[in-house]
Structure formats: structure tokens, C-alpha cells
Amino acid sequence: MILFKKANSLHQWVDAQQRKGQKVGFVPTMGALHLGHISLIESSRKDNDITISSIFVNPTQFNDPKDFEKYPVTIEKDILQLEQAGCDVLFLPSVEEIYPNGTTPKQHYDLQEMEILLEGKFRSGHYQGVCQVLHRLLKIVQPDNLYLGQKDYQQCMVISRLVELMGINDKTNINICPTLRETDGLAMSSRNMRLSEAERVKAVLIFQSLSYIKDNLVAGETDTIKNKAIAMLSDEGFRVDYIEIADAKTLQTVSNWDGKKKLVALAAAFLNEVRLIDNLLLN
Ligand code: AMP
């Protein structure tokens, strides 16, 4: 695996490969890698000649400074995992390399509803930060294929919008990969490392509350089932930011389901200090 720390060197190297006709897949991450991340590497390897991953804990997307400080860093283990998975290139930039002119935003990304719905509502500025870093990474790498996890459902929609705003949708194809789960159903996440043993046991309730919605939803009003799912978490000591049943395309809440529209159930909840998110497509 080749390691790049400088944006210019990586950009020139990728450009040279693409001129030789090599297809490039890109998997951006914040490290503390688990099998969910590795599944994206595997998808990229199937479709491309070269797979590039990045590890960069992006300060501009953390609305809570404590969350940033406590974000797990396991770089040596990450490098081993990437090598074992057959990743060709790792980009490991410094903050200065990604933000040579400082972290203050230079532009506002017009994300429309995504900015105020769900994660947008509870994590003010989060998606502007996500766009800030992905804009820079996509300009450096200019991949043919970009790999994202369904685990961050709304983020996939935001990044699709960014790709559209950057005018690169004919160049960079977005691939959304399924959420990898632990055997009990908990969605794999770097944040799971921060859970105590007792919290880890409880954390599966997020998946179970979403599964409860999936298994019991029928056409008609959706609030009753949603409120039951919220109670499943709050009764066990979770601080629930939201559970929503939403249109899978627009993320608008659906409070009366016609039985046909494609739906997604999304959840975000704190177990003490640790905020976890998950989602399930319902039909
Ligand atoms: P992160 O390091 O959390 O920024 O995640 C990097 C990429 O991995 C994002 O596209 C995530 O959606 C994806 N990802 C995170 N967790 C999982 C998972 N459990 N299954 C599949 N993809 C995931």
C-alpha cells in the first residue's frame, strides 16, 4: 500500500494512473476502522483497478468539540487492516493539508432540506463540514467511483447533492453499500469502541426499535408505532434525538403512509456520552 500525506503528490499520482486508463475507487473515512469500512474497500476493489482510502478526522464536521476530542484514533491497526484488505493507496493528510487556508468555511453549500431535517436539525453545521471536507477530497482524488455506507443514510444524500453542486456527477459515480452489523444487529461504528460493556449490551436496542417499526408498520398513521419505538429506547435510559419514519427519497416525515411509498426509519440516540445513529429501509 502506498501512503500519501501530501494532497499535491496524491493528485498527480492519481492523474497519471487515470491517464493510463486505470479506474479509481475512493473510500473516505475518519479511521478507527471496522469491517463496515473494509466492506467498502472490498466493493471498490471489485469495481476498480485502484482503491484509495483516506483517513482524516475532520474537525469541521464536529458540532460538539468533546466528540471530536474523544473520536477514537487507531492508526496503526487501521493501516494493517487496509493492507490486509488489499487497499492500494492510503491518504493520511494533516489538517493543514486539507485546509491550507484555515478551517473557516469559504462557501456555503446549498443543501436545502437536508440542512434542517434529522441530523441537520440536531447537529447544526455538521453537513456543511462534511461538504467542506468531501469537496476538498474529491478535488484531490477525482475518483471514478465513490463508496459510501448506508449506515449514514442522510450523509449519502448530502454527498450526492455535493457531487451535483460540484458538477462532477458525470465523472464520479456514487455507490451506496449496505450497513454491516455485529451478530446481535448493532450497526458497526467507530463510536461503538467508546461504549462500556453494559452500554454495548444496551446499544442493540437501537436496531431492535427500528426492526420493531419494520416488522409492525401497516398503512395509515405512523405516530403510534414511532412513539412505541422511541419508548423502547427512552425506557432503557437512552436520550433520543429522534426516531422518524420518512420518505426514503426526500427524508420528509411520513405521518400517514399510503402503503406504497418507499420508507426509511432513522434513529439517533445517546447512551450517556456516546451518540449512535442507525436506519432501516422499511419496504
Ligand atoms: P466514518 O469513518 O464513520 O466517516 O465512515 C466512513 C464510511 O464508512 C462512510 O461512508 C460510512 O457510511 C461507512 N460506514 C460506517 N459504518 C458502516 C457500517 N457499519 N457498514 C457499512 N458502511 C459503514
| note | Quick shape summary for segment 106-240, equivalent ellipsoid via Cα gyration tensor, semi-axes whole Å in descending order, reads 31, 18, 15
| query | Give me the Kirkwood hydrodynamic radius of segment 192-232 in Å, from all C-alpha pairs, to one decimal place? | reply | 11.3
| Reciprocal of mean inverse Cα separation for segment 8-49 (Kirkwood radius, Å) | 11.5
| task | Could you tell me what percent of the accessible area of segment 176-283 is made up of carbon and sulfur, with a 1.4 Å probe and every protein chain present? | result | 52
| query | Using alpha-carbon positions, what is the distance between the centroids of segment 258-279 and segment 84-116, in Å? | reply | 25
| task | Using only the alpha carbons, work out the radius of gyration and Dmax of segment 121-177 in angstrom. | result | 11.0, 33
| request: Sorted from largest down, give the three principal axis spans of the alpha carbons of the chain, whole angstrom values. | output: 57, 40, 37
| Cα-based Rg (one decimal) and Dmax (whole number) for segment 65-186, in Å? | 15.7, 45
| request: For His34, tell me the accessible area in Å² from a 1.4 Å probe, rounded to the nearest 10. | output: 40
| Please report, for the Cα atoms of segment 166-237, the Rg to one decimal and the Dmax as a whole number; what are they, in angstrom? | 16.8, 48
| said: With the alpha-carbon atoms as the only input, what is the per residue convex hull volume for segment 4-82 in Å³? | reply: 106
| task | Find the percent of Cα-Cα distances in segment 86-145 that exceed 13 Å, and round it to a whole number. | result | 69
| request: State the answer as a single residue: which of Asn58, Met188, His11 lies farthest towards the positive end of the charge dipole of the chain, with beta carbon charges of +1 for Lys and Arg and -1 for Asp and Glu, about the Cα centre. | output: His11
| When ligands, DNA and RNA are left out and all protein chains stay put, how many square angstrom of accessible area per residue does the chain have with a 1.4 Å probe? | 48
| query | Just how many % of Cα pairs in segment 208-274 lie over 18 Å apart, if you round to the nearest whole percent? | reply | 33
| query | 222 nm [θ] for the chain, helices only, -39500 (n - 2.57) per DSSP H run of 4+, per residue, to 500? | reply | -11500 deg cm²/dmol
| Over 29 Å between alpha carbons, listed pairs Lys23/Lys66; Lys23/Lys70; Lys171/Lys260; Lys228/Lys261; Lys70/Lys226; Lys6/Lys46 | Lys23/Lys66; Lys23/Lys70; Lys171/Lys260; Lys70/Lys226
| segment 1-128, accessible surface, carbon-and-sulfur percent (1.4 angstrom probe) | 50
| Heavy atoms of Asp67 accessible to a 1.4 Å probe, total area in Å² rounded to 10 | 20
| remark: segment 42-109: spread of alpha-carbon positions along the three principal axes, whole Å, largest first, is 36, 27, 19
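The values are calculated or read from the model by the stated rules, or taken from the named source; none is laboratory data. Here the structure is a predicted model, which means the values were calculated and not measured. Note: ideal-geometry Cβ built from the backbone for every residue, glycine included; neighbour counts use all protein chains shown. The area values use the complete protein model at the heavy-atom level, side chains included, leaving out ligands, DNA and RNA. Shrake-Rupley method; radii C 1.70, N 1.55, O 1.52, S 1.80 Å.
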